[in-house]
Amino acid sequence: MSDSTFKLKVLGAGDWKTTRERHPACFVLTVGTKNMLLDCGFGAMHQMAHYGISPLEIDEVWITHFHPDHMSDLIPFLVHRTLEAKDFDGTPNKLTLRGPSGLEQRIGTLFSVYCADAVRDPGMVVEEIQDSMPFAISGCSANMRMIPVRHIPGHESVAYEVVLDGRSFLYAGDACAPLDGQPKLFQEALDCNTILLSAGATKTAGGHIDFDTAISWIGVVGGVGVRRLILNHVPEQCFEAAKDFARGATTAGRLQVIIARDGDAYQLT
Ligand SMILES: [Zn+2]
Ligand SMILES: [Zn+2]
């Protein structure tokens, strides 16, 4: 991989319910020579094995929030990585975990609950940042920042924005609709070339912008830079309806709307 590599692999495009086609949230973002795991929901480890990705290939894990469909395979991932590192011929790369405040405490609690402290990597770095200025991702020429996101009352989330060589990508994660008081996300990040956003079924689903509002809204008020909107987390019961709506909203040369499936891969342009 070269320093200009910028791509996304979908390991889990679904919501809480695992289906044959879609597992809960998990993605691999490759930026230059670095691999970031975006969320680590249940089934993530199975999906990594299925697509031939070793946990040792992952440099950073970025968690949006603490719901199990985004985080429940994190301890299995960390334990697997530690065990694989013992057999690794060489020095494994150092792992950085990023997420909302409270991440480090939760990881400690989970290791304790699973009686797995003996296989915790002592060199692992945990960075909790709620709202950051852009900063460089070590080891590559990209900048990233974390943006606070409103999800459900009492449980905030974060979005991750990455810029590489003038190309930009935003993983918004689970976010409620813009009119429900999003603090910054929908005002500041709408010029990203590619937006990956969790979408729900209806306005009453709570905590998630519904898919038709998301598509219509970004199509109308999205910044001129938005070329592609990828929706994950779409519930099974409205998956076909969302695909139809996305097809209708795709406008040649301006905006491509995609309802994600496991196994999808995108070059980020
Ligand atoms: Zn959630
Ligand atoms: Zn979720």
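Taking a virtual spin label 7 Å from the Cα of S54 along the C-beta vector, which residues in the stretch 72-93 bring their backbone nitrogen under 18 Å of it?
Answer for this model: 77-93.
To the nearest 10 degrees, how steeply does helix 74-86 sit against the main Cα axis of the chain, on a 0 to 90 scale?
With rounding to tens, the tilt is 40 degrees.
Of the residues L97, L197, L110, which exhibits the maximal mean-square fluctuation in a Gaussian network model of the chain defined by a 10 Å Cα contact cut-off?
L110
Quick one: among W217, W16, W62, which has the greatest mean-square fluctuation in a GNM of the chain with alpha-carbon springs under 10 angstrom?
W217
Given a 1.4 angstrom probe, I'd like the percentage of the accessible area of the chain that is carbon and sulfur, rounded to a whole number.
So the carbon and sulfur contribution to the accessible surface is 54 percent.
Compute the signed sum of charges (Lys and Arg +1, Asp and Glu -1) over the other residues within less than 15 Å, Cβ to Cβ, of L97.
Computed value for this residue: -2.
How large is the accessible surface of T213 in square angstrom, using a 1.4 angstrom probe and rounding to the nearest 10?
40 Å²
Would you look at the GNM of the chain, springs on alpha carbons closer than 10 Å, and say which of H46, H65, H208 moves the most?
Top of the fluctuation ranking is H46.
Based on the alpha carbons, how large is the Rg to Rh ratio for the chain when Rh follows Kirkwood?
Result for the chain is an Rg/Rh of 0.95.
So with the 1.4 Å probe, I'd like the accessible area per residue for the chain, rounded to whole Å².
Value returned for the chain: 42 Å² of accessible area per residue.
The values are calculated or read from the model by the stated rules, or taken from the named source; none is laboratory data. Given the structure is predicted, the values throughout are model-derived calculations rather than measurements. Reconstructed Cβ throughout: ideal geometry from the backbone, glycine too, with neighbour counts over all protein chains shown. These accessible areas exclude ligands, DNA and RNA; they are computed on the full protein's heavy atoms, side chains included. Shrake-Rupley method; radii C 1.70, N 1.55, O 1.52, S 1.80 Å.
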